[in-house]
Amino acid sequence: MAFHEILRQQFLQKAADIPAANVLEQIMAPVSQYAVRMEPAHVLLGTAYWRLVGIHHLTPEENRGGHQIYVDVVDENGQRIPVGQAQVRWGWEGQQPNEVAPPRALDKPLGEPATNIDLYANQHVWVEVDGAGFPSDRVSNLGTGHADEPGPNGELWNSWGHHSFYIVFQRHTSRQPAPNPIVETPEPAPPPIVEPAEPKLEVIIFGPVSHQDIINAFAQSAGQLGLAEPWALLTRAGMDVKRLAANRWAAYTGAPLHELPNLAVAEKNLLMRQLAHVLVTMPVPPTSSPVDPPPVPAPVTPPDGEPAPTPPAPLRGNRLGFYLHLSTDQDGLWEAIRQVQPPVILVHADTLNRMLLREIRAFRAPNALVIGRLYKDNHTQRTMLTSNDPAGQGRAMADEILALDFGLATERGTNGRLLIDAWMSLNEAVPGPASHQFAEQPGETTAMLHAYDLFQVAFRNRLQEAGVEAVAFNFGAGNFTRPEHYLEHFPHTLASYTYLGFHEYGWPTLHPAADSATSAGLYRACMAEIRTRFGPHHRIIITEAGLARMYQDGSVGDVGWLNDVQPLSQDQYWHSLEWYNQHLLADDYAVGACLYEVGHHGDWTTFRHLGTDNAGQPLRLMERVAALNSGDRGRRSAGRNRERSRD
């Protein structure tokens, strides 16, 4: 991410040199073709505010397939604003009142921009600075729906759905009247974003807490905090959610509790024992459910004599990632990573290749979300969860990861990003409410689920101390099929985690069809209710996805699409993958699916994606997946595959 250092200096110099009347026009000119808009802050003479000093659309070489908004915030001298003194607020066009976009802290290492925001297809995002109560310029209509821009050798690193921006704000004192016009590109402006007139301070409180004690603890400070009304009380899935209706208290919006002024020591001590964190300033959500993205529509058969309806245009992009049990360069695996640029890659800690991870960050797939798995056998996992201290076991496993291979977990690549972004908690560790074991032993199984909830929170908290993320759940397909299965058993995990892992399998197709069994898409029904309860901050990863015969018939063994008894052709398998990719693209919170297994262990050879099929014909699946990045839906190689693959 070295490009940003030079750009920031150029932006600051230009803002200092050019006449004030021309600043906005010159700032916006380089991004005029991307329909970006800028709304100036309205400030009085001599008043400090957060001024936009530069915006840059990343070139293909800088972006390499990413879709992020990178933001730097600096003071009058061009020095980065410290963590806690400001944050970046953001949202998007059409955002619902109960869809929360948590402010982003300026907490990235000094070698990279201070923070970044994922930019998803069909989103139109706005960003501004929130700090010290100062008003801020706003940049809006940031999106990824732009034309392809080939790299120096024809690489499609900037394609539809894969565009990124770099923005710099500076603390500045106004020396001219407040601007009135909105400087924008010639593109028509979308409908204005309607924001709440009054913010609310939302606090999550864990555990068994006396409602009256909490109300009393804040009563003495209500006047000092500018509270207009007492606590409103809600109870959700084992947590007490308290909401304060506050006046515009912008200087401390979202601040941790220990930073709030005017609280007595006793009040702070009481509340620090019971509060997890202050979430965000947002209006109290209505009781209605959020609007989820629509599912991929099924084909419609028209009545006789009527013309067939025009099918919707397919969504563009790729959400198909790699599961690497082995990271050796088997059958061109390393080149396949560069070719496909998978959005998510899962690696096993005991078999990973550190050189590959460094090359992924350098050039093969710099923006891939890389997930690590520290393997624990089923007996070990059960022992951890039936111990007297499952939270202690979670911390111990995190410590084991942090001690791996001379600091592997915290090593960063040449682009400043961790080699491994996040680590799985456990894998298929507990049977779910839809399993036979739960029906036969509900008490014992419920206790294990509660233990796993405690384990996961402690596991993530320990990793977070080192700046590393975690991925929750990763349950066996079909064990957790309804939203209440998650909400009732994992309230603390859902409140704590950003990344949630799901396993989805089917046979002989992933998409619903006659004589087919599949769990693909169950995540969507579960996430609808999870997002209603907890807001839209979660991101999901399908940490295992594929076709497995035992999902339909457990007696045949755990074999994949290239098993010896009932193998599928490449076209048959691709039909499932293409459908699943479209399904994932419809949900902006879905990071991607790890196809099981692209880098395969010998025991899982029937799940392979590289090499040859059972008839010795070359597997060309990766060419089809790579073509999704350009919106071709695999058509570049489909003809060759039909000629060479076995029906």
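So in region 72-96, with the set limited to residues that are more than 19 Å from the chain's Cα centre (by Cα) and acidic (Asp, Glu), which one is surrounded by the most Cβ atoms within 10 Å (Cβ to Cβ)?
72
State whether one or more residues within region 539-553 are under 28 Å from residue 611 (Cβ atoms), modelled with pLDDT under 95 and either part of a loop (DSSP other than H, G, I, E, B) or touching a Lys or Arg at 6+ places or on another chain (Cβ under 7 Å) (or both).
Among the residues of region 539-553, at least one is under 28 Å from residue 611 (Cβ atoms), modelled with pLDDT under 95 and either part of a loop (DSSP other than H, G, I, E, B) or touching a Lys or Arg at 6+ places or on another chain (Cβ under 7 Å) (or both), which makes the answer yes.
Do we find that residue 574 is open to solvent by 10 Å² or more (accessible area, probe 1.4 Å), among the hydrophobic types (A, V, I, L, M, F, W, C) and more than 21 Å from residue 67 (Cβ to Cβ) in this structure?
In short, yes.
Taking residue 546, is it open to solvent by 10 Å² or more (accessible area, probe 1.4 Å) and either over 28 Å from residue 598 (Cβ atoms) or of a type in the set (Gly, Ala, Ser) (or both)?
No; evaluated as a whole, the condition is false for this residue.
Return the residues of region 314-345 that are of a type in the set (Val, Ile, Thr) and either crowded, with 22+ Cβ neighbours inside 10 Å or in contact with a Leu (Cβ under 8 Å, 6 or more places away or on another chain) (or both); say none if nothing qualifies.
The answer is 337, 340, 344, 345.
Give region 455-504 a look and list any residue that's of a type in the set (Val, Ile, Thr) and open to solvent by less than 10 Å² (accessible area, probe 1.4 Å), or say none.
Hits for region 455-504 are 468, 471, 493.
Could you please find all residues in region 364-400 being in contact with a His (Cβ under 9 Å, 6 or more places away or on another chain) and among the polar types (S, T, N, Q)?
367
Look at residue 184 and say whether it is under 23 Å from residue 7 (Cα atoms), surrounded by fewer than 20 Cβ atoms within 10 Å (Cβ to Cβ) and either of a type outside the set (A, V, I, L, M, F, W, C) or at pLDDT 90 or above (or both).
Against the criterion (under 23 Å from residue 7 (Cα atoms), surrounded by fewer than 20 Cβ atoms within 10 Å (Cβ to Cβ) and either of a type outside the set (A, V, I, L, M, F, W, C) or at pLDDT 90 or above (or both)), residue 184 qualifies.
Of everything in region 45-100, what is closer than 28 Å to residue 147 by Cβ, hydroxyl-bearing (Ser, Thr, Tyr) and outside any strand (DSSP E or B)? Give them in sequence order.
59
Out of all the residues in region 589-622, which are touching an Asp or Glu at 6+ places or on another chain (Cβ under 9 Å), part of a loop (DSSP other than H, G, I, E, B) and not hydrophobic (A, V, I, L, M, F, W, C)?
608, 609, 611, 614
So is residue 287 at pLDDT below 95, among the β-branched types (Val, Ile, Thr), on the phi < 0 side of the Ramachandran plot and loosely packed, with under 13 Cβ neighbours inside 10 Å or not?
yes
Among the residues of region 404-434 satisfying the criterion of being more than 22 Å from residue 385 (Cβ to Cβ) and small (Gly, Ala, Ser), which is surrounded by the most Cβ atoms within 10 Å (Cβ to Cβ)?
409
For every residue, the table says whether it meets (1) in contact with a Gly (Cβ under 9 Å, 6 or more places away or on another chain); (2) closer than 20 Å to residue 585 by Cα; (3) among the aliphatic types (A, V, I, L, M); (4) not in a strand (DSSP E or B).
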| position | (1), (2), (3), (4) |
| --- | --- |
| 102 | yes, no, no, yes |
| 111 | yes, no, no, yes |
| 117 | no, yes, yes, no |
| 123 | yes, yes, no, yes |
| 126 | yes, no, no, no |
| 132 | no, no, yes, yes |
| 139 | no, no, yes, no |
| 144 | yes, yes, no, yes |
| 152 | no, no, no, yes |
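Name the residue, out of 377, 389, that is farther than 30 Å from residue 319 by Cβ, surrounded by 14 or more Cβ atoms within 10 Å (Cβ to Cβ) and without any contact (Cβ under 8 Å) to a residue 24 or more places away in the chain.
The unique qualifying residue is 389.
Conditions: (1) in contact with a helix residue (DSSP H, G or I) (Cβ under 8 Å, 6 or more places away or on another chain); (2) under 17 Å from residue 530 (Cβ atoms). Residue 499 meets all but one. Number of the miss?
Single failed check for residue 499: (1).
Which number in (1) surrounded by fewer than 17 Cβ atoms within 10 Å (Cβ to Cβ); (2) farther than 27 Å from residue 324 by Cβ; (3) touching a residue at least 40 places away in the same chain (Cβ under 8 Å); (4) not small (Gly, Ala, Ser) marks the one condition that residue 538 misses?
The number of the failed condition is (2).
Inside region 402-461, can you point out the residues that are among the β-branched types (Val, Ile, Thr) and in a loop (DSSP other than H, G, I, E, B)? Lay out the reasoning, then the answer.
We begin by selecting, within region 402-461, every residue among the β-branched types (Val, Ile, Thr); these are 410, 414, 420, 430, 445-446, 457.
Within region 402-461, 414, 420, 430 meet the criteria.
Which ones in region 77-113 are charged (D, E, K, R) and either out of contact with any Ser or Thr (no Cβ under 8 Å at 6 or more places or on another chain) or over 22 Å from residue 63 (Cβ atoms) (or both)?
80, 89, 93, 99, 107, 112, listed by residue number.
List, please: which pairs have Cβ atoms under 8 Å, are six or more places apart or on different chains, and start with a residue in region 541-565 that is over 21 Å from residue 575 (Cβ atoms) and end with one that is β-branched (Val, Ile, Thr) and open to solvent by less than 10 Å² (accessible area, probe 1.4 Å)?
541/344; 541/371; 541/471; 543/371; 543/471
Is there a residue in region 104-126 that is hydrophobic (A, V, I, L, M, F, W, C), touching a His at 6+ places or on another chain (Cβ under 7 Å) and surrounded by 22 or more Cβ atoms within 10 Å (Cβ to Cβ)? So that I can check it myself, show each step before the final result.
Let us first name the residues in region 104-126 that are hydrophobic (A, V, I, L, M, F, W, C), namely 105-106, 110, 114, 117, 119, 121, 125-126.
From the residues that got through so far, the ones that are touching a His at 6+ places or on another chain (Cβ under 7 Å) too are 119.
Narrowing the set further to residues that are surrounded by 22 or more Cβ atoms within 10 Å (Cβ to Cβ) leaves 119.
So far as region 104-126 goes, yes, one or more of its residues are hydrophobic (A, V, I, L, M, F, W, C), touching a His at 6+ places or on another chain (Cβ under 7 Å) and surrounded by 22 or more Cβ atoms within 10 Å (Cβ to Cβ).
Could you tell me which residue of region 27-69 is nearest to residue 369 (Cα to Cα), considering only residues that are open to solvent by 20 Å² or more (accessible area, probe 1.4 Å) and touching a Lys or Arg at 6+ places or on another chain (Cβ under 9 Å)?
Ranking the qualifying residues of region 27-69, first place goes to 37.
For residue 500, which of the numbered conditions (1) under 22 Å from the mean Cα position of the chain (by Cα); (2) modelled with pLDDT of 95 or more; (3) in a loop (DSSP other than H, G, I, E, B) fails to hold?
Unmet for residue 500, out of (1) under 22 Å from the mean Cα position of the chain (by Cα); (2) modelled with pLDDT of 95 or more; (3) in a loop (DSSP other than H, G, I, E, B): (3).
Can you tell me which condition residue 371 does not meet? The list is (1) in a loop (DSSP other than H, G, I, E, B); (2) touching a strand residue (DSSP E or B) at 6+ places or on another chain (Cβ under 8 Å), and all the others hold.
(1)
The values are calculated or read from the model by the stated rules, or taken from the named source; none is laboratory data. Computed from a predicted structure; not experimentally measured. Note that we place each Cβ from the backbone using ideal geometry, even for glycine, and neighbour counts take in every protein chain shown. Side chains are part of the model used for accessible areas, which takes the heavy atoms of the whole protein and leaves out ligands, DNA and RNA. Shrake-Rupley method; radii C 1.70, N 1.55, O 1.52, S 1.80 Å.
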